[in-house]
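Participant: Here it is: the structure, laid out below.
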Amino acid sequence: MILSLLGSTGNHSFAAAIFDRDVAPLLIRHCLECHNGFDLKGKLDLSQRDAALKGGKHGAVFVAGKPSESLLWEKVAEDDMPPDKPLGQAEKTLLRDWIAAGAKWGANDDLDPFQYTTAKRGGYDWWSLQPIGQPEPPEVSQTGWGANPIDAFILARLDAAKLKPSAPADARVLIRRLYFDLTGLPPTAEQVAAFVANPTDAAYRKVVDDLLSSPHYGERWGR
């Protein structure tokens, strides 16, 4: 056990050190969904140092140095908490050792519930909140296929699935795809005929710009 390697004088510093590194992430991921400053199941708030030390409606939830007398450890050891998915053995051991070492809080009094992503809540590390990067287009088998670098990513996935890209759509199909994708409405016969008669890149870009400027575009994507 970790504690057997430490003298009693080192227990408190050990407890504070593992709190920031291991215990705080454990509480954020598994406990703050029900025990935070806004949702107090059992009137227990584990998101803030003083509130956690105070305990909930049943009193203090941990007794420093005494896991066997700590309600928090009792609930975790018996798999009563967390209710949806009990902690694994390594996580239980970590929590027990922290309480046995003095249950010292770390450097910050408050725990940020959004510091980590959980099964129910996206955190700061959620993929859509990461800075936008500029990845290099992957190498692909058909270097002549595609109109822009984005197509290389599509082709790479097709290659991985052993699929071939579809043939380019003809002008009539292409304009209908544009209208349905961007506005949800079909083009008129006149709009189709005009594009079929002049299916150039410039004409394509003009159709796209016109559709993006259309109120129907906002109506479709604003729903």
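Participant: FRET efficiency for Lys162 and Phe114, Cβ-Cβ distance as r, R0 = 35 Å, nearest 0.05?
Facilitator: Once the sixth-power term is evaluated, E becomes 0.30.
Participant: Further question on the same structure: Could you give the length gained by full extension between Arg21 and Glu219, i.e. 0.36 nm per residue of separation minus their alpha carbon distance, to one decimal place?
Facilitator: Value of the extension gain: 66.5 nm.
Participant: Among 43-54, 191-202, how do they line up from the highest to the lowest mean number of other beta-carbon atoms within 10 Å?
Facilitator: Result, highest mean first: 43-54, 191-202.
Participant: Hey, another quick one. What net charge is computed for the residues neighbouring Leu87, neighbours being all others with C-beta under 15 Å from the C-beta of Leu87, Lys and Arg scored +1, Asp and Glu -1?
Facilitator: Every neighbour counted, the sum reads -4.
Participant: Just to be sure I follow the rule: in the chain, considering lysines 8 or more places apart or on different chains, how many pairs have Cα atoms under 13 Å apart?
Facilitator: 7
Participant: What does the charge count near Gly56 come to, summing +1 for each Lys or Arg and -1 for each Asp or Glu among other residues with Cβ under 10 Å from its Cβ?
Facilitator: Net charge in that neighbourhood comes out at +3.
Participant: Please list the non-local residues whose amide H lies under 5 Å from the amide H of Gln48, H modeled 1.01 Å from N, same-chain partners needing a gap of 5 or more.
Facilitator: Those lying under 5 Å, H to H, from Gln48 are Leu111.
Participant: Additional query: For Met81, enumerate residues with amide H under 5 Å from its amide H, sequence gap 5+ or separate chain, H modeled in the peptide plane.
Facilitator: Val76
Participant: How high is the FRET efficiency from Ala60 to Glu136, r the C-beta distance, R0 45 Å, rounded to 0.05?
Facilitator: Efficiency at R0 = 45 Å is approximately 0.25.
Participant: Quick one: what do you get for region 171-221 if you divide its Cα Rg by 2.2 N^0.38 Å?
Facilitator: 1.04
Participant: Enter the per residue convex hull volume of region 72-132, computed from alpha-carbon coordinates, in Å³ rounded to the nearest integer.
Facilitator: It comes to 120 Å³ per residue, whole-number rounded.
Participant: For His58, His216, what ranking results if the residue with the fewest other Cβ atoms within 10 Å of its Cβ goes first?
Facilitator: His58, His216
Participant: Shifting gears a bit: Enumerate the amide H contacts of Gly56 below 5 Å, restricted to partners 5 or more residues apart or on another chain; note that Pro and chain-start residues carry no placed amide H.
Facilitator: Result for Gly56 returns Val61.
Participant: Give me the number: length gained by fully extending Asn148 to Asp80, i.e. 0.36 nm times residue separation minus the C-alpha to C-alpha distance, one decimal in nm.
Facilitator: 19.0 nm
Participant: At 25 °C and 0.890 mPa s, what whole-number value in µm²/s does Stokes-Einstein give for the translational diffusion of region 39-180, with Rh from the Kirkwood sum over Cα pairs?
Facilitator: In µm²/s, the coefficient is 120.
Coordinate-derived values only; no laboratory data. Fair warning: this is a prediction, and the values are worked out from it, not measured in the lab. Cβ sites come from the backbone with ideal geometry, for glycine too, and all protein chains shown count toward neighbours.
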